[in-house]
Every structure is written in structure tokens, then in C-alpha cells.
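Scroll down for the structure; my scribbles are underneath it.
The values are calculated or read from the model by the stated rules, or taken from the named source; none is laboratory data. Bear in mind that the values here come from a model prediction, so they are computed numbers and not experimental data. Cβ: placed from backbone, ideal geometry, glycine included. Neighbour counts: every protein chain shown.
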Amino acid sequence: MKKQGQEPLHEHYGIFGQQTELYFSALCGVFMLIGFLLERFGGMSYWVHLSSYLLAYFFGGFYVAIEAFDRIKKGEFEIDFLMIAAAIGAAYIGSWAEGALLLFLFSLGHALENYAMNKAKKSIEALGKLSPKVALIKRNGKIDEINIEDLKINDIIVVKPNSKIAADGVIIKGNSPINQAPITGESMPVDKTAIPNLDNLADFNQIDRSHVVFTGTINGDGSIEILVLKLSRDSTVARLIAMVSEVETHKSPTQRLTKKFEKWYVPIVILVVTLLCFAYVVIDEPFSDSLYRAITVLVAASPCALAISTPSAVLSGIARAAQNGVLIKGGKALEDLGAIETIAFDKTGTLTEGKPKLTNIIPLNGYNEADFVQLILEVESLSNHPLARAIAKDVKNNYNLKYLNNATNVNAIQGKGISAAYQDSQVFIGNVKLMEGEGIGVDTSVISQMETLLKNGHTVMLVAYENKVIGLISVMDVPRETAVKTLKQLKTIGIKRMIMLTGDHQNVGDAIAKQIGLTEARGNLLPEDKVEAVKELMQRDGKIAMVGDGVNDAPAMAYSTVSVAMGAAGSDVALETADVALMSDKIEMLPFVIGLSRESKRIIKQNIWISLGVVVLLVPITILGLTNIGWAVTFHEGSTLVVVLNALRLLGFKVKE
């Protein structure tokens, strides 16, 4: 079989296109069957059925001989050479039917192997076909059609309803549901809206994903205008195609081991077979019997199934992942992920929504709730602080309120909170220090309520009006809705320890961990502390996976056994640094990819046992002359087909609920 990472020579030519090898294999089988029937039942001249066998040899050995010759020119004697030698030897001793059967099964296995090996690449390259060749560009009030290669950054393109998007960029006009399945694997269209302002667009990764679109995705029923932020060669699709084309260079540990095994095994087989040709010198038998035995051993000892057992499974797994919007960078990442029992998670944006949410509004001292929430909306909406914006947004949405413009003169008080004028009185929203500084008393019962919320991971603010505390509000970066179910699935498939690493307070980490079912939470960690935590976990558990956004957690992810980046679509850093990239921002994809990796690892082990088992069984039997070449061919090449078909099962993998 061809070396992993090398391009198959025969893909450069073929009268039937890419399927030529498969057709040649089928023709080999047809002529082999015709030759066998003519030989057994035809009663015709010897040359009639021989001609049929010769045609079978031609079609079955065509591509095998080409690859064998190419390797020989480089001084490499590999499995293709052994198969050609065995087929020629079979012909020499008159076993034309067995030689044709050998070439038929070997070429069929070869064709199926190439199918499995190319599936991952084709799954991604198909995205390139989704991308339109032209785009509608808007210039000086006019719309012109140009090739996408001619698009420049900051061009504005118009995308009509139900048409393909031609560039990575941001929507500046209109809104529409976008089918992102080709990139992220998401089954449902995602609603996208125009960005409110065009400031600070220098960093594509920092733009809210509700405004961002990708090349190759499909617009819904709305007309939109897009500001181009990436050239076609730098688009997410282009980068994915480039990375998958390099996947074969990242060999798995098993692949590297089998390659080392083949390197010394094949020459030994050639030496043993050569010696067996002269067995008649020692054993009282004709030269023809020694030659027959040697050729039979040559067939039995060729490690064809072993050579393809791992790469076919690896690339079938990678192909299946790609279909679901997951990029796995090679066999090493796939196998390592399948061996993981410990996962370290970043908190913000990974296990949580990454945005503060209003969690509690508690009026105190008899203050009216309706008046309380209106006051909060009026005051917080005037502040630019992220927490204030989140509070104002949630209050407005939850209570269906409108602005009455009763608040003025909002001032930020560093490290304490804010103050504002509201209906001719002062409002203060902030911590206990702010209240104490303004001479406003805080009851011990209120302090107790605050401490309870703080222990549960909330950020708490007191609200004072007319020189007394009238209530408190709390916000929290809440867990993702799917986090609990995802972690349960991970436990089901064999993940024993799940640890959260966060820069937030330990109380926040503990609260989130308790809510979603984590094994452990480590808080108050700086980036360098996360690196040390990963090193410590690796010393304890051997191998760990680190799941994050691939940007803020890049150092810790780099030290982990396998790094998994979420929401990698459009993120150059995530695609570059992560071993596994979840193109969508869905943590629920984790059980799928880990389950797929484990199934891939299981199938690789099965394939290796099958391939080695057949060789170990057949070689002694053939050396002792207990079987003929026909049975050796059938069992040997049958094992090759079995391991390829076993690997192809991964293309239909689904995670158990």
C-alpha cells in the first residue's frame, strides 16, 4: 500500500477518471472469473483461458506495478512489490487463477483504501465547490459582477436571498437566517443581523458572531450587504482545505509504529522467501514444490492489511468529524483524544455563555418592585460598563419596559459602582464600600443575603435611593443550557475527571461546577497559573484535553495532550493552535468527537489484531505446506478487505444519547 502522506500516483491519470482503479479492479475480477470458467468447463484451447487470465493480470496489476516501480526506483521494497512478485511467481508455477485472484482482491482493497484515505479531504474540498465563483460588488451606487479572486478587503458585496456567500465578512445592511452547516455542521440556520456600528473592526475574531458570515455558507430569505474582511485565499474555507490537505503528515503513534515494523519486516520476508526457494536442497522434494511453498509464504506474509489498518481508520474518522463541522488535525490528535479520561475546561465562553446575565432583582424595605426595576433600567442604561449594559438589556427584555428618561448625570466611581440623579434624588448602585462612603447604612440581613449570593457565584450590587438601601441586584455568567447534558454524556462515554480552570473567584468556579456537575473547579488563575495546572494534571492523569476558545487559553492548551478549540470558524488563532477545532460554538459537539475518537481507536486495535492474526496463522501453515496458494490468497486478501470495510464503518458513527 502507498505510504501515508504520499499522494497516490495513479490519481494523475485514468481513462475513467478518479474511479479508474475501481473499474480496473472490477475488470480484473470479470476476466479472472471468465478464465476460471473456461479453464474448468470450456473445453477450449489453453490459450483461450490464458488470454483471459493475462487480461485479469493487466487490469489487476496495472496500478500496483506502477507504485511498486516508483518505490523500487527510490530503493524501497514495500508491499506492492511483494504482491507483484507473488503474482508473477504464481504465474510461473502455472497457478494463473490464484495469481489473478490475488491481484483482484489486492487491487480491490487498494481501491477501497484510496476511497477511505481521500474521504476526509473530499469532505472539506467539497466546501470549495459551495463557494460561488463570482460576487455582486457595490461600488458608487452601482452593482457589478466580479470574480471572487478580485475582491478586496473593505469591498461591499450584495447577497441575494437563497444564494451563496462569496466572502468572510460582516453584515452591514439587512438581516437573514444563514445556513452555516457547510462550515460549522449546525443543522439549523442561524439568524444574522447587521452590525450596529463599524468601529473597531480590525480584529475579525472579536466581532460578535451574530453579525459575521463565512464563505460557502448559504443566505436565507433576506437580502444582505456584507463588508469583506478576508480575501478568498484567507477565508475560513480556504484555510480548512489547506489544513485537511496536510492532515496526512500528522501520523498517529500507531501509524508510526506500523511503519517502523514494515521497514524491517518486508526485507525479512523477501530474505525468508528467497531461502525457501532452495528448501529442496535440504528437503527431499522437487524445486517446483519449494518454489510453490515460497510463493505461498510470500502471499501469506505480506502485511497488506496491517499497512492500511490504521490510516484507513484514521482518515475515515477524520472524514466523519469533518461532516459534523469538526476539524481533527491528523491521526495523533484522533488517537490521543480517544485515550483521554481527564478534560480541563476554560469557564468563560466554554462552559458558560460568556456574557453576564441578570439573575436576581430583590426590592427591600417595602420598595415597590415596578418602581425599582424602572429605576434600574433608567440608571444602568446610561452607563457604558459591560455589567450595566447587561443589566439594562435584561431588565428591558424581562419586564417589557420603556425608557422614561428620568435619570441624568451618571458617574462611575472607580472600584465601587456608579451614581446618578433620578427624579431629583441621588441613586447609588455598587458595593458595600460605596454605601459606606456615602454614609448609607446597610443592615446585617442585607449583608447576609449578599454573602449567600456571592458564595453561589453571583456578582451582587446594592441599590440606594434617597439615602437608604432599596434593594439589590445580581448578575452572573450563567452556564450554557447544554452544559449539564454534555457533561453527563462525557461521563457516560468514559471521561472520569472534568476540571474547570478559571480566572474568576473560587466561589464563582465552585458554584458553576456544582450546577453543571464538574469534578473540580480551580479559581483565581492567571494564564501562567493555568499552564501550571495543566502540567500538574498531566503528571497525575497522564493525558488530558484542554477545551477553550483557542485565544485566551492558548498557552495552557499548547501544554495539554490534546487542545480543543470551540467556535473556531473564522478564528485564525484557534485553527492554528488547536489539535481539534469545533467550528460551531457548541459544547455539545464534545461527546461526539470524543466518542468518535474512542471508536476510531477501538477499530484501529481490531484491525491490527485481524491483520497480525491472519499473518501469524498463515505463515507457519504455508511454510509447512499445509495449504495451497488459493487459500492463502483468499484469507490474506480477505483480511485486507475486512479491515478497510471495518474502518469505513466510522463514516456512519453517531454518539449514543
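Some observations on this one:
- Matching option when the condition is part of a strand (DSSP E or B), in the same structural domain as L364 (by TED's automatic domain parsing) and farther than 30 Å from K586 by Cα, among T452, T408: T408
- Scan the stretch 173-190 for residues that are surrounded by fewer than 16 Cβ atoms within 10 Å (Cβ to Cβ) and modelled with pLDDT of 85 or more and the total you get is 2.
- The listed residue being in a strand (DSSP E or B) and either assigned by TED's automatic domain parsing to the domain that holds L462 or modelled with pLDDT under 90 (or both), out of I418, I391: I418
- In the stretch 600-638, residue surrounded by the most Cβ atoms within 10 Å (Cβ to Cβ) [restricted to those that are among the aromatic types (F, W, Y) and out of contact with any Leu (no Cβ under 7 Å at 6 or more places or on another chain)]: W631
Every residue, every condition in (1) farther than 30 Å from I440 by Cβ; (2) within 46 Å of the chain's Cα centre (by Cα); (3) at pLDDT 85 or above; (4) crowded, with 24+ Cβ neighbours inside 10 Å, yes or no:
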{"position": "A279", "(1), (2), (3), (4)": "yes, no, yes, no"}
{"position": "T296", "(1), (2), (3), (4)": "yes, yes, no, yes"}
{"position": "I308", "(1), (2), (3), (4)": "yes, yes, no, yes"}
{"position": "P311", "(1), (2), (3), (4)": "yes, yes, no, yes"}
{"position": "D371", "(1), (2), (3), (4)": "no, no, yes, no"}
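- M461 falls short on exactly one of the conditions (1) closer than 23 Å to G523 by Cβ; (2) surrounded by fewer than 21 Cβ atoms within 10 Å (Cβ to Cβ); (3) assigned by TED's automatic domain parsing to the domain that holds S448, and that condition is (2).
- Any hit, the stretch 70-80, residues being crowded, with 19+ Cβ neighbours inside 10 Å, touching a helix residue (DSSP H, G or I) at 6+ places or on another chain (Cβ under 8 Å), closer than 14 Å to L108 by Cα and of a type in the set (D, E): yes
- Within the stretch 620-645, residues that are farther than 11 Å from T296 by Cα sit with their Cβ atoms under 8 Å from residues that are charged (D, E, K, R) and part of a helix (DSSP H, G or I), at 6+ positions apart or across chains, in these pairs: V644/E113.
- Pairing residues of the stretch 447-469 that are over 10 Å from N507 (Cβ atoms) with residues that are exposed (fewer than 13 other Cβ atoms within 10 Å of the Cβ), at Cβ distances under 6 Å and at least 6 apart in sequence or on separate chains, gives E466/S425.
- The stretch 407-442 - residue that is among the charged types (D, E, K, R) and either loosely packed, with under 12 Cβ neighbours inside 10 Å or touching a Lys or Arg at 6+ places or on another chain (Cβ under 8 Å) (or both) and, of those, farthest from N360 (Cα to Cα): D424
- One residue from A26, A90 being assigned to a helix (DSSP H, G or I), surrounded by 18 or more Cβ atoms within 10 Å (Cβ to Cβ) and not polar (S, T, N, Q): A90
- Those residues of the stretch 68-87 which are hydrophobic (A, V, I, L, M, F, W, C) and under 15 Å from A300 (Cα atoms), in sequence order: I79, F81, L82, M83, I84, A85, A86, A87
- Among the residues examined, V484 does not qualify as touching a residue at least 40 places away in the same chain (Cβ under 8 Å) and either in a strand (DSSP E or B) or over 28 Å from S448 (Cα atoms) (or both).
- Test: residue in the stretch 192-215 that is in contact with a Pro (Cβ under 7 Å, 6 or more places away or on another chain), among the β-branched types (V, I, T) and modelled with pLDDT under 90: no
- Within the stretch 603-657, restricting attention to residues that are among the aliphatic types (A, V, I, L, M) and assigned to a loop (DSSP other than H, G, I, E, B), the residue that is farthest from A294 (Cα to Cα) is V655.
- Extreme residue, surrounded by the fewest Cβ atoms within 10 Å (Cβ to Cβ), among residues of the stretch 29-48 that are within 24 Å of A65 (Cβ to Cβ) and aromatic (F, W, Y): W47
- Within the stretch 486-529, the residues that satisfy the criterion of being touching a Pro at 6+ places or on another chain (Cβ under 7 Å) and not hydrophobic (A, V, I, L, M, F, W, C) are T486, Q489, Q515, P527.
- Of the residues making up the stretch 325-349, those that are surrounded by fewer than 24 Cβ atoms within 10 Å (Cβ to Cβ), at pLDDT 85 or above and either under 18 Å from S584 (Cβ atoms) or among the hydroxyl-bearing types (S, T, Y) (or both) are V326, T342.
- If you filter the stretch 276-319 down to residues that are of a type in the set (S, T, N, Q) and in a helix (DSSP H, G or I), you find that the one that is farthest from V593 (Cα to Cα) is S288.
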